[in-house]
Every structure is written in C-alpha cells, then in structure tokens.
Amino acid sequence: MSEPAATPPDDAKAYRHALGAFATGVCVVTADTPSGPVGITVNSFTSVSLNPRLVLWCLDDGSERAPLFAAANRFVIQVLAAEQRDLAARFAKGHWALGEAEVRRVGDMPRLPASLAWFACETERQAQAGDHLIIIGRVVDFDVDDGAALTFHRGHFGAIGSHA
C-alpha cells in the first residue's frame, strides 16, 4: 500500500480539516470587562505546569472579543460538561455578554455555574504566535465535579466519560 500524496501546504481548508481530527474538550473562558462579564468558547486549553500551577488557552486575533480578553488580568476557564452544548454554542457565536445573575463569583472573577471543572487564573504571560495570542494563567483557585465532558471533533459536539 502506498502513502497518499501530501496536501498542498497552502490549502487552508484541508489543514483545518486535518486539525479537526484531534478530538478536544470544550471550555468557556469568562472575564470581567468595563461593560460587565463576557465569555468565549475555546478548545485550546491545556495544562502547562503543575508547580507552579499554570494553564494556557489561545485567543484568535480575529475575534471581536480579542481586545477584551487580551486586556483581562484575571479570567476563569470552565471545562464544560456533556449537557452544556447550548452554552458552548452561545459563546462560540454572537451572544457573549453575561448578566451578573448568570455568574457566580470566585473572588472578583466571574464563573459559570455547573461546569465540570473550573480554574480561576491570573494572567501570567501572553505571547503572540501566528494569528493567535497565547494566554498563560496562574491558577489561584479551582474545583472539579464528576460527569461526562463535552468534546469537539470534526466540527461536531460529542461526549466522553462515565455518563456519556
């Protein structure tokens, strides 16, 4: 059996499709802004270090929310549970402002109730890489619950875990 021909390097659609082969979890990052709390759906969350506790996520420069999150000194990353698809879809698209009644506070940071896990962070460092801003956060508080996790694979939501 022969190897398939490589996809041309300038084929952005094929490259995006190839990246979609990697199944990820789904998170919503929340932060305060001068206009109130906001959220954004991301699947670019990862642990960086256990000691100190550092995590990162990536922010698309083209997002209309990019200036808000780039300016935030504190944020909360929520790992979404399988039943939170609607929440993921909400913050992936147009409706991203949060009312105070929708959030719980971790110190002075807004977080969403009922997520599978959450990590309250202070911005440790930011680095520009290509068309994204990498935001590294120092975890100052966190919590976790049991349940199935919301996943994203090839453009579709799914679930993985004991209750999936």
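Below, the figures for the structure above:
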{"read-out": "Residues (over 21 Å from residue 129 (Cβ atoms) and in contact with a helix residue (DSSP H, G or I) (Cβ under 9 Å, 6 or more places away or on another chain)) located in the stretch 35-59", "value": "35, 36, 37, 38, 39"}
{"read-out": "Selected residue [in contact (Cβ under 8 Å) with a residue 12 or more places away in the chain, under 26 Å from residue 17 (Cβ atoms), among the hydrophobic types (A, V, I, L, M, F, W, C) and part of a strand (DSSP E or B)] from 142, 157", "value": "157"}
{"read-out": "Odd one out for residue 88 among (1) in contact with a Cys (Cβ under 9 Å, 6 or more places away or on another chain); (2) not in a helix (DSSP H, G or I)", "value": "(2)"}
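Read-outs throughout are calculated quantities, based only on the coordinates presented, and are distinct from any laboratory measurement. From a predicted model like this one, the values you see are computed outputs, not experimental measurements. Heads up, the Cβs are rebuilt from the backbone with ideal geometry, glycines too, and the neighbour counts pull from every protein chain shown.
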